[in-house]
Amino acid sequence: MLEVRGLVCHFGGVRAVDGVDFTIPERGVHAIIGPNGAGKTTLFNLVTGVLRPTAGEILFHGENVAGRPPEALARLGISRTFQNLRVFFNMTVLENVLVGRHLHLYRGALGALFRTPRFRRSEAAARDFAEHLLARVGLADWRHRPADSLPYGALKRLEIARALAAEPRLLLLDEPAAGCNEAETREIAELIAAVEAEDGVTVVLVEHDMQLVMNVCDHIIVLDHGRKLAEGTAREIREDPRVIEAYLGRAAREFAHAAGG
Amino acid sequence: MRLPSSRHLGLAVLAAVLVLLPLALPGTYALDVLTNVGIAAIVCVGLNLLIGYAGQISLGHAGFFGIGAYASAILVTNEGWPPLLAMLAGMALSGLLAFAVARPILALRGHYLAMATLGLGIIVSIVLSQEVELTGGPDGMPVDPFTVAGLELTGPLAWYATVAVSLLAVTWLSLNLVDSPIGRALRAVHGAEIAARVCGVDTTAYKVMVFVLSAVIASYAGSLYAHFAGWLTPDEAGFLRSIQFVTMVVLGGMASTFGAIVGAALLTALPQFLTVFHDYEHVLLGAVMMATMIFLPRGLVPTLATRCARSGG
Ligand SMILES: Nc1ncnc2c1ncn2[C@@H]1O[C@H](COP(=O)(O)OP(=O)(O)OP(=O)(O)O)[C@@H](O)[C@H]1O
Ligand SMILES: [Mg+2]
């Protein structure tokens with residue numbers, strides 16, 4: 001479904017993504033892991049058109065989509081959440097999800113100005129759909145609240161509901177469980193599994209919570225310094241010495257450095 | 001204005017105020033002032049969609065007001081067209097011109113629209129002053145009365161009623177647009193532009209659409225004004241008039257439809273009653289704009305609404 005070939009993204013001298021190749025087959029829950037600064041978020045930004053690659057190809061269903069703007073990729077069925085929340089804080093919870101539903105709505109200006117029956121049917125259906133999604137992520141009671149009144153964990157789930165409202169074919173989740181407690185993390189794991197199994201969405205997630213990754217992902221890609229370090233099943237990755245070195249080795253060195261300084 | 005009920009409530013309050021005002025302020029002079037308030041308010045409700053929701057500034061909206069006014073004046077008085085048809089012609093011309101200007105400019109980021117509309121407004125007012133044959137030049141030209149199917153619109157009360165109904169209709173349309181995928185998309189761009197685009201929102205297209213709509217509304221108000229005043233000068237299309245419209249929207253409150261109406265009312269009515277205001281209009285407009293930016297950056301109505309909501313509970 002998604003194939004990345006020789007993908008490069010440089011910021012001046014920083015090689016955030018430095019020649020990455022991988023393939024994400026249709027269906028399944030996939031993970032991209034790696035230490036801080038490995039280039040995971042940059043990779044998501046490239047795949048969703050937020051950033052243009054310096055070089056390389058991004059094939060979606062065989063078509064090279066590298067460099068297209070986000071709205072064009074959204075129309076192809078790519079949706080995402082953000083590591084640093086990008087919620088519409090000037091709107092209500094329900095309205096946030098309705099913006100996620102944008103591409104499925106009747107959007108004619110005359111229909112909106114004069115509230116034609118067709119327009120009202122489209123809006124009513126969208127509201128039902130959005131309320132159903134909010135119930136699914138556990139935010140039903142908050143739907144008429146301004147988004148800026150929600151706690152952090154709820155905003156993370158609001159972003160997931162907004163992304164799901166587009167009925168994407170490919171869903172990218174950037175650290176969906178960051179800042180969540182154990183119970184919330186479990187709920188998010190269940191939600192991700194259900195989105196894959198029931199809705200048939202292909203999910204790719206970036207996550208530092210290894211337990212979540214090992215529990216829900218069938219396929220893991222490890223990035224380090226903008227390059228692919230390893231790829232395989234949860235068990236293969238857990239036992240891969242290069243991965244252990246990248247995580248533990250660095251932590252050990254930093255610890256030694258801090259202790260020495 | 002999020003829930004449908006609050007939209008209807010706002011409209012009902014506006015309707016009640018529009019009915020009660022002429023009873024509270026009787027007399028021809030007061031009615032004429034109120035009619036002028038209504039005409040400015042129509043322009044501001046449209047302009048607020050552009051400034052408050054699309055986040056763009058037009059420094060030339062009096063140009064569209066002038067195009068509507070002179071389309072009515074020239075086509076009706078000189079060419080004998082039916083006034084309604086002339087009004088529609090003015091609206092179509094304004095809309096086309098707005099589209100031609102906005103399409104290439106809004107694709108760029110930043111405040112280029114302000115520059116382009118500034119230029120457009122200046123060109124329109126120069127053309128109106130120079131084409132003496134057609135427009136009477138700086139001295140102005142007379143405008144025939146507004147007639148539909150042989151009926152003539154005369155008298156201050158009939159004019160007031162026409163403008164009041166128009167204002168209600170434009171307010172209704174504006175509130176409808178704000179509470180639609182288009183209005184939500186524009187508000188989402190303010191909240192988090194990247195996220196809006198990832199949701200599939202084509203921001204440029206909506207900005208163009210709102211600009212065209214606001215130009216058409218200004219043109220409509222200009223046509224009404226021409227027939228109501230009966231005499232038209234290029235000042236109505238001038239830079240000062242454009243600045244007045246922007247100041248009204250900023251004072252009343254950006255992204256607040258009712259704020260735009262309040263701003264239009266204050267800045268139209270005050271100069272009529274306070275002659276000081278009339279003599280130093282340039283200075284005072286600038287002062288009002290600066291004071292609003294410094295002390296009430298969100299504008300009158302949103303600030304007061306928040307205060308009332310807080311003290312109410
Ligand atoms: N817009 C940018 N401009 C300049 N440098 C950037 C930009 N975005 C990311 N970087 C740099 O690129 C590198 C990769 O960043 P990225 O955010 O992709 O890492 P990440 O793997 O998501 O890390 P984390 O786990 O901390 O979220 C970092 O060194 C970062 O400082
Ligand atoms: Mg990141």
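Of the candidates B:Ala98, B:Ala54, B:Ala107, which one comes out as most mobile in a Gaussian network treatment of chain B with C-alpha springs shorter than 10 Å? Sorting by GNM fluctuation, first place goes to B:Ala107.
Using C-alpha pairs below 8 Å separated by at least 6 residues, the relative contact order for chain B is 32 percent. Computed over chain A, the P(r) tail beyond 25 angstrom holds 48 percent of alpha carbon pairs. Placing a label point 7 Å from the Cα of A:Asn84 along the Cα-to-Cβ line, the residues of the range A:14-35 whose backbone N sits under 20 Å from it are A:14-17, A:34-35. For the segment A:90-100, counting C-beta atoms of other chains within 10 Å of every residue's C-beta and taking the mean gives 5. Modelled label positions at B:Glu193 and A:Arg127, each set 7 Å beyond Cα in the direction of Cβ, lie 3.2 nm from each other. Extension gain for A:Arg227 to A:Thr54 (0.36 nm times residue separation, less C-alpha to C-alpha distance): 60.8 nm.
Assuming R0 = 35 Å, can you tell me the calculated FRET efficiency for the pair B:Ala24 and B:Glu133, based on Cβ-Cβ distance, to the nearest 0.05? Computed FRET efficiency for B:Ala24 and B:Glu133: 0.15. Cβ crowding within 10 Å ranks A:Asp18, A:Asp224 as A:Asp18, A:Asp224, fewest other Cβ atoms first. Each of B:Ile294 and A:Glu245 was given a label point 7 Å from its Cα along the Cα-to-Cβ line. The distance between the two points is 6.5 nm. Would you mind classifying the protein assembly as shown by shape? Square roots of the alpha carbon gyration tensor eigenvalues, ordered a ≥ b ≥ c; an a/c under 1.5 is rounded, otherwise it is prolate if a/b is larger than b/c and oblate if not. The shape class here is prolate.
Panel order for B:Leu168, B:Leu50, A:Leu94, by other beta carbons found within 10 Å of each beta carbon, from fewest to most: B:Leu168, A:Leu94, B:Leu50. Rounded to the nearest 500, the helix-only mean residue ellipticity at 222 nm of chain B stands at -24500 deg cm²/dmol, with each DSSP H run of n ≥ 4 adding -39,500 (n - 2.57). If I build a Gaussian network model for chain B, linking alpha-carbon pairs within less than 10 angstrom, which residue out of B:Arg184, B:Arg197, B:Arg241 has the largest mean-square fluctuation? Looking only at B:Arg184, B:Arg197, B:Arg241, the largest GNM fluctuation is found for B:Arg197. Counting Lys and Arg as +1 and Asp and Glu as -1 over every other residue whose Cβ lies under 13 Å from the Cβ of B:Pro82, the net charge comes to -3. When you work out D = kT/(6 pi eta Rh) for the range B:6-268 at 25 °C and 0.890 mPa s, using the Kirkwood radius from C-alpha pairs as Rh and the Stokes-Einstein form, the result is 132 µm²/s. Paramagnetic label reach from B:Tyr280 (point 7 Å along Cα→Cβ; backbone nitrogen cut-off under 20 Å): within the range B:247-269, residues B:247-248, B:251, B:266-269. Per residue, the average separation of C-alpha pairs within less than 8 Å and at least 6 apart gives chain A a relative contact order of 26 percent.
Each reported figure results from applying straightforward, stated rules to the coordinates on display, with no laboratory input. Computed from a predicted model, the values in this text were never measured in an experiment. Please note: Cβ atoms are built from the backbone with ideal geometry, for glycine as well, and neighbour counts cover all protein chains shown.
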